[in-house]
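The values are calculated or read from the model by the stated rules, or taken from the named source; none is laboratory data. In this text, all values refer to a predicted model and were calculated from it rather than measured experimentally. So basically every Cβ, Gly included, is an ideal-geometry build from the backbone, and we count neighbours across all protein chains shown.
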């Protein structure tokens, strides 16, 4: 199996940073390219247009800073990564981007929701696994990952 391109996702959570660490290690092992993606959900149309525009701009700034921090973490680890911020339905944008870059592997965190929250909120990871054109490594961190989280705040 040859892995040339790895896509990982960030949403600013500790879980996504742990998944980033896995992606970096995989890229180092396979000498693969790393792509970093974050997807902003569309602002619901029922919100006030002026308020939603301000919220959207703030969220976009926060996510762009997150992507920049994670890109810096990758560079510190000796990897160049290509990053992208998109807006839309997260799993759809993830699949589109995966196809555009012809990724060989997706590495993403799963938040591990179950029960009613899973039913109501759905699972982006589950939808990506079902529709992805390549293998998906879902990372559900162990206690060891939390203790040794070198990627906290995406800093090495």
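Over 26 Å from residue 133 (Cα atoms), modelled with pLDDT under 90 and under 12 Å from the mean Cα position of the chain (by Cα): which single residue out of 50, 60, 14, 54 fits that description? Answer to the check: 14. Is at least one residue of region 134-148 touching a helix residue (DSSP H, G or I) at 6+ places or on another chain (Cβ under 7 Å), surrounded by fewer than 15 Cβ atoms within 10 Å (Cβ to Cβ), in a helix (DSSP H, G or I) and modelled with pLDDT under 95? No - not one qualifying residue is present in region 134-148.
Contact map, region 52-71: first residue touching a residue at least 40 places away in the same chain (Cβ under 8 Å), second residue assigned to a helix (DSSP H, G or I), Cβ cut-off under 7 Å, separation 6 or more or different chains; pairs are 69/153; 69/154; 70/20; 70/154. Residue by residue through region 93-110, note down the ones that are more than 13 Å from the chain's Cα centre (by Cα) and either surrounded by 14 or more Cβ atoms within 10 Å (Cβ to Cβ) or free of Cβ contacts under 8 Å to residues at least 24 places away in the same chain (or both). 96, 100, 101, 103, 104 - these are the residues of region 93-110 that are more than 13 Å from the chain's Cα centre (by Cα) and either surrounded by 14 or more Cβ atoms within 10 Å (Cβ to Cβ) or free of Cβ contacts under 8 Å to residues at least 24 places away in the same chain (or both). In region 1-15, the residues that are in contact (Cβ under 8 Å) with a residue 40 or more places away in the chain and on the phi < 0 side of the Ramachandran plot form Cβ pairs under 6 Å with partners that are assigned to a loop (DSSP other than H, G, I, E, B) and buried (at least 24 other Cβ atoms within 10 Å of the Cβ), at six or more places apart or across chains, as follows: 5/103; 7/103. Against the numbered list (1) at pLDDT 85 or above; (2) part of a helix (DSSP H, G or I), residue 119 comes up short only at (1). Under the condition of being free of Cβ contacts under 8 Å to residues at least 60 places away in the same chain and not in a strand (DSSP E or B), the residues counted in region 72-92 number 10.
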